[in-house]
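The values are calculated or read from the model by the stated rules, or taken from the named source; none is laboratory data. What you see is a predicted model; the values in this text were computed from it and never measured. Cβ placement follows ideal geometry from the backbone for every residue including glycine, while neighbour counts extend to all protein chains displayed. Side chains are part of the model used for accessible areas, which takes the heavy atoms of the whole protein and leaves out ligands, DNA and RNA. Shrake-Rupley method; radii C 1.70, N 1.55, O 1.52, S 1.80 Å.
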Amino acid sequence: MNVGLTDEQELLRRQARDFLDRECPAARVRQLMEDDLGHDPRMYARMVELGWTAIPFAERHGGLGLGLVDLAVVLEEMGRHVVPSPFQSSVGLAGMTLAASGDEAQAARLLPSICDGSQLATVALVEESGRWDAGGVRMAAERSSDAWLLHGEKLFVPDAQVADRMIVATRTAADPADGLTLLVVNTAAPGVTVRPLASMDATRRVAAVGFDAVEVPADAVVGEPGRGWATLRRGLDRAMVCIAAELAGTAQRVLEMTVEYARVRQQFGRPIGAYQAVSHRCADMLVMVESARSLAYHAAWALDNDVPEAPLAAAMAKAYAGDAARSVASNGLQLHGGIGFTWEHDIHLHLKRAKWGEATLGDATHHRERVAQLLEL
Amino acid sequence: MDFSLSPEEARFRDQVRGWLRDNLDDRTREAAAGHDDIELRRDWQRRVHEAGFAGVSWPRELGGQGGTLMQEVIVNQEMAAARAPDMLNVIGLYMAGPTILAHGTPEQKARHIPPLLRADEIWCQGFSEPNSGSDLASLRTRAVIDGDDFVVSGQKVWTTLAHVSRWCILLTRTDSAETAHAGLTYLIVDMQSPGVEVRPLRQITGDAEFNEMYLTDVRVPRANLLGAVGGGWRVAMTTLMHERATLGVGLQVRSRIALDELRALARTTLVDGVPRSADPVVRQRIAQLVIEVEAMRINGLRGLSRVLQGEQPGPEGSVNKLMWSELNQRIAETALDLLGPYGTLAEGEERAPRNGRWAYGYLRSRANSIEGGTSEVLRNILAERVLGLPRGR
Ligand SMILES: Cc1cc2nc3c(=O)[nH]c(=O)nc-3n(C[C@H](O)[C@H](O)[C@H](O)COP(=O)(O)OP(=O)(O)OC[C@H]3O[C@@H](n4cnc5c(N)ncnc54)[C@H](O)[C@@H]3O)c2cc1C
Ligand SMILES: Cc1cc2nc3c(=O)[nH]c(=O)nc-3n(C[C@H](O)[C@H](O)[C@H](O)COP(=O)(O)OP(=O)(O)OC[C@H]3O[C@@H](n4cnc5c(N)ncnc54)[C@H](O)[C@@H]3O)c2cc1C
């Protein structure tokens, strides 16, 4: 047993932090929040050069053949910097879904372009109900001779505004447990409309995507038709851990900002960090940050090694990280007093990112129920 | 990153499991879990030691096994997972022992370690005083040098197992400066010395595990000095660090067992024919506890990894002590909530679930956030020593 990072992983972390300190300081984040694309394609290209988009994928698909633990190292740093980027949706969500699908043909077709950054991908799952499970999928796909026909609307689709490909969860059978079919849709196809949703976190774009008689070729299926939820579940477990790692990084940064501030801000003739109402909150924040990180890395390791409790570990990591990041960000804001409530101060970027991460792919209540089910409570 | 055991470690774990399977039955479990039955618990520790599972990482010539820290952790985990009775000599094994190994003379080690491991001699810890609890450095029990002896006078309190102990690790003041850390001296005191008086204190559980201890002109030979005169604070820090770090690994597994029992309780407790586990609020609470206990486990493993890489156990150990006490209390609280009015029934009452064990556990858990450093003091340590915030007052 050795649950520390390897020297290579430490190097990766240092490289990621240096790069993002340089390329994505808060001022740059704020510019990108106003940007239509919501990210900087040049920065993305540099991340591709650094190999980040290829980290968790097999070498035969153009990847580096590393694991989720390595990806988590990078994502933690991206969380620290609240980087506006479709990296999470393309690599962590769509890419991991393809890689974990067992569908070698689709993986071979799409993963190389995700790795080399020539295409961005995302997943369209949620509909009107806001549910992150199979039961929430109503949008049907009708099978004609050699194509699927799509009608309907998906909501909260991450980074749809820049995605070239979208893995769309559709219903093809009335099955309470599954009955879904995953289809790869070209976002430029006739009938696809992408309408950005104005949301709290401008560093993470989501969209409503309309499908009006969109025709998709028969070979666009990922995995088996009618077994789409089982396939997607494996991808979602990985994507949840990616978000958990990112949230741990965000929370860590808030803790650092807060401690720095509590050391210098003086009230009543001494630094506010000398008051236990402040310092004890910081201690509790530390416990949450360390725990969120532990659970995220353990889940990443469990998924990399296919241990039986990996889905349970993923659900735990997502549930805890969602609560922890929100709570740490709220406490951090509180301890900054009035200045923490200003647009100018960076802490709200973290609070909003935390709320995004909490709500995305199911919140803590959702995943605690999943934990209860997996434990056969 | 690798959370799995090496093949040798897995073999060792299987060896521990095998021994536990052959040597631990429900009768031993129940009998030795009785808090008051000292002789049964002593017997259990002896058997564990004879099997080679006490002092696993301690030197062979002192009765240990010369094994690795990882093996020691594996033993702790397996013992707890098998719901083995607690070792009787907790303070000896986890506090006095490591402190003597770190600061003791060869004579002290040879004299004290072997009988400590076999539970032939039980240890207690005389740190707290009526006016010095969290502020340990303010203690007043005085030790005056007189020829080849220290002459000790004062009062200690909350001294666990003092009534059955042969030895006490005693923190005293040799310098008159009222509260200075520099004036403290760490002694090993023979509890059979003239002038030592122990009076039991009853706890809220009804048990009398801890005591008041009065010392009147107790003569302690110089040979029983641990560390240097005036150097007691540094030695005491070793004790406290071990109390919070090493012990934590075993504690965490105990929480998991309590949780397993809680899950079973939720499934089997029916109200009007409906199991409590069907209640979404109950499900949420239990799932949250499971997640936090898992976080505590992994935090502990990360700390342990650093120690295995050669770093000293640091103030981060306080994270786990803090988490553990809170979690243990919430597990006990949840259990009582599930049981409704039955949860308040005490041992001996026919209708009491598990003969009042849940009620007892709830009451005993109230001490968790006080013993071994209060939660407030642990938060101070984390804020000041880990986060580098200014000292509070
Ligand atoms: C939306 C908004 C509107 C406002 N409008 C007005 C207005 O119209 N007019 C006006 O005059 N002011 C206004 N204020 C200012 C407000 O009264 C102050 O923000 C508030 O008094 C806190 O002061 P501070 O921001 O300097 O924080 P600080 O005093 O620096 O506090 C920072 C943190 O330290 C904590 N802290 C400070 N001292 C202690 C202590 N002794 N013990 C424990 N913790 C401590 C605080 O609780 C806080 O968490 C407004 C603030 C906001 C957010
Ligand atoms: C079951 C049990 C077994 C024990 N066994 C032993 C033993 O074997 N040997 C031994 O030496 N001791 C033992 N203790 C004593 C234990 O270490 C002390 O109780 C503990 O250190 C707290 O001291 P105190 O009880 O004097 O409380 P106090 O220090 O008086 O604290 C009272 C309250 O004030 C808070 N407080 C104190 N200082 C601060 C501060 N600076 N900031 C914020 N809050 C503060 C505390 O957190 C607490 O809530 C045992 C205690 C218990 C409950």
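Which residue, B:G133, B:G273, B:G231, tops the fluctuation ranking in a GNM of chain B built on C-alpha contacts under 10 Å?
Between B:G133, B:G273, B:G231, it is B:G273 that shows the largest mean-square fluctuation.
How charged is the neighbourhood of B:L187? Take every other residue with its Cβ under 13 Å from the Cβ of B:L187, and add Lys/Arg as +1 and Asp/Glu as -1.
+3
Using only protein heavy atoms and a 1.4 angstrom probe, determine the accessible area buried between B and A, summed over both sides, in Å² to the nearest 100.
Chains B and A together bury roughly 4200 Å² of accessible area.
Between B:D26, B:D190, B:D260, which gets the highest mean-square fluctuation from a Gaussian network model of chain B, Cα cutoff 10 Å?
B:D26
Considering only protein heavy atoms, what is the solvent-accessible area of A:I167 at a probe of 1.4 Å, reported in Å² to the nearest 10?
10 Å²
Would you mind checking which residues have amide H under 5 Å from A:L66's amide H? H placed 1.01 Å from N; only 5 or more apart, or other chain.
Residues meeting the amide H criterion: A:F57.
How many percent of Cα pairs in region B:1-113 exceed 19 Å?
Across region B:1-113, Cα pairs with separations above 19 Å total 48 percent.
Quote the FRET efficiency, to the nearest 0.05, computed for B:N131 versus A:R270 with a Förster distance R0 of 30 Å and r equal to the Cβ-Cβ distance. Don't skip to the end; give the middle numbers.
Working: r = 27 Å, r/R0 = 0.89.
With a Förster radius of 30 Å, E is 0.65.
Between A:V307 and A:L50, what length comes free when the chain is fully extended (0.36 nm per residue of separation minus the Cα-Cα distance, one decimal in nm)?
Gain in length upon complete extension: 89.5 nm.
For region B:47-142, which whole percent of the accessible surface, found with a 1.4 angstrom probe, sits on carbon and sulfur atoms?
Of all accessible area on region B:47-142, carbon and sulfur atoms account for 46 percent.
Kindly write out, for region A:82-96 in residue order, the coupling ³J(HN,Hα) from the Karplus curve 6.51 cos²θ - 1.76 cosθ + 1.60 (θ = phi - 60°), rounded to whole Hz, with x marking Gly and Pro.
For region A:82-96, the Karplus curve yields 5, 5, x, 6, x, 3, 4, 6, 7, 8, x, 9, 5, x, 5 Hz.
With a point put 7 Å past each Cα toward its Cβ, work out how far B:D2 is from A:D175 in nm, to one decimal.
Those two pseudo-labels are separated by 3.9 nm.
For chain A, what is the calculated [θ] at 222 nm in deg cm²/dmol (nearest 500), taking -39500 (n - 2.57) for each run of four or more DSSP H residues and dividing by its residue count?
-16000 deg cm²/dmol
For peptide A:320-326, how many partner chain Cβ atoms fall within 10 Å of a residue's Cβ, on average?
On the way: counts 5, 0, 0, 2, 1, 0, 0.
So the per-residue partner count for this stretch is 1.
Ranked highest first by average number of other Cβ atoms within 10 Å, how do B:294-306, B:37-49 line up? Before the final figure, lay out the partial values.
On the way: B:294-306: 22.4, B:37-49: 18.5.
Averaged packing, sorted descending, gives the order B:294-306, B:37-49.
Taking 50 Å² as the minimum loss, tell me which residues in region A:338-377 lose that much accessible area going from the chain by itself to the full protein complex (1.4 Å probe).
Going by heavy-atom accessible area, the residues of region A:338-377 that drop by at least 50 Å² are A:R368, A:L375, A:L377.
Using a simple spin-label model with points 7 Å from Cα along the Cα→Cβ vector, what separation in nm is obtained for A:D36 and A:A189?
2.5 nm
Enter the angle in degrees (range 0 to 90, nearest 10) between the Cα long axis of helix A:7-23 and the first principal axis of the Cα atoms of chain A, meaning the one along which they spread out most.
80 degrees
Could you give the accessible area per residue of region A:228-287, probe 1.4 Å, as a whole number in Å²?
Roughly 32 Å² per residue, with all protein chains present.
Based on the Cβ-Cβ distance of B:I145 and B:Y342, what FRET efficiency does E = 1/(1 + (r/R0)^6) give at R0 = 51 Å, to the nearest 0.05?
0.30
Beyond 21 Å, how much of the Cα-Cα pair distribution for region A:94-165 remains, as a whole percent?
39 percent
Please report the carbon-and-sulfur percent of the accessible area for region B:309-393; probe 1.4 Å, protein heavy atoms only, DNA, RNA and ligands left out.
Its accessible area is 49 percent carbon and sulfur atoms.
With the other protein chains left in place, how much accessible area per residue, in square angstrom, belongs to region A:94-134 at a 1.4 angstrom probe?
With the other protein chains kept in place, region A:94-134 gives 33 Å² per residue.
With all protein chains present, calculate the accessible area of B:F210 using a 1.4 Å probe and round the result to the nearest 10 Å².
50 Å²
Would you kindly derive the ³J(HN,Hα) couplings of region A:346-354 from the backbone phi angles with the Karplus curve 6.51 cos²θ - 1.76 cosθ + 1.60 (θ = phi - 60°), listing them in order in whole Hz, with x for Gly and Pro?
Per residue, the Karplus-derived 3J(HN,Hα) values read 6, 5, 5, 4, 6, 4, 5, 5, 4 Hz.
Probe radius 1.4 Å, ligands and nucleic acids left out: which of A:W132, B:W167 has the largest accessible area, and how do the rest follow?
Working: A:W132 45, B:W167 15 Å².
Solvent-accessible surface, decreasing: A:W132, B:W167.
Between B:E9 and B:A180, what length in nm is gained on full extension when 0.36 nm per residue of separation is reduced by their alpha carbon distance?
57.0 nm
Roughly what would the spin-label model give for A:H151 and B:D120, points 7 Å off Cα along C-beta, in nm?
A separation of 8.8 nm, rounded to one decimal place.
In what sequence, highest mean first, do A:108-120, B:111-123, B:58-70, A:259-271 appear when ranked by Cβ atoms within 10 angstrom?
With the highest mean Cβ count within 10 Å placed first, the list reads B:111-123, A:108-120, B:58-70, A:259-271.
Based on the alpha-carbon gyration tensor of the protein assembly as shown, what equivalent-ellipsoid semi-axes (square roots of 5 times the eigenvalues) come out, in whole Å, largest first?
In descending order the semi-axes read 54, 29, 23 Å.
Given the DSSP H assignment, sum -39500 (n - 2.57) over each helix run of at least 4 residues in chain B and divide by its residue total; what's the result at 222 nm in deg cm²/dmol, nearest 500?
-14500 deg cm²/dmol
With r defined as the distance between the Cβ atoms of B:D25 and B:D272 and R0 fixed at 30 Å, what FRET efficiency is calculated, to the nearest 0.05?
So, using R0 = 30 Å, E works out to roughly 0.25.
On average, how many beta carbons from a partner chain sit within 10 Å of the beta carbon of a residue in B:1-12?
Mean number of neighbouring Cβ atoms from other chains: 4.
Pick from B:V229, B:V152, B:V307 the residue whose mean-square fluctuation is largest in a GNM of chain B, springs joining Cα atoms under 10 Å.
Residue with maximal mean-square fluctuation among B:V229, B:V152, B:V307: B:V307.
Considering just Cα atoms, how many Å³ per residue does the convex hull of chain B enclose?
Spread over its residues, the Cα hull of chain B gives 157 Å³ apiece.
Using the C-alpha atoms of chain A, what convex hull volume per residue, in cubic angstrom, is computed?
About 139 Å³ per residue, rounded to a whole number.
So between A:R22 and A:Q334, what do we pick up on full extension, going 0.36 nm a residue minus the alpha carbon distance?
109.4 nm
Sorting check: for B:9-17, A:321-329, which peptide has the highest mean count of neighbouring beta carbons within 10 Å, and how do the rest follow?
A:321-329, B:9-17
In whole percent, how big is the carbon plus sulfur part of the accessible area of chain A, probe 1.4 Å, protein atoms only?
Working: 7350 of 14170 Å².
Result for chain A: 52 percent of the exposed heavy-atom area is carbon or sulfur.
Ignore the peptide's own chain and count Cβ atoms of other chains within 10 Å of each Cβ in B:53-63; give me the average, rounded.
Across B:53-63, the average partner-chain Cβ count within 10 Å equals 0.
How high is the relative contact order of chain B, given as a whole-number percent (alpha carbon pairs under 8 Å, six or more residues apart)?
Reported as a whole number, the value is 12 percent.
For region A:47-63, in order, what is each residue's ³J(HN,Hα) by Karplus, 6.51 cos²θ - 1.76 cosθ + 1.60 with θ = phi - 60°, in whole Hz (x at glycine and Pro)?
Couplings: 5, 4, 4, 6, x, 4, 5, 9, 3, x, 9, 5, 4, 5, 9, x, x Hz.
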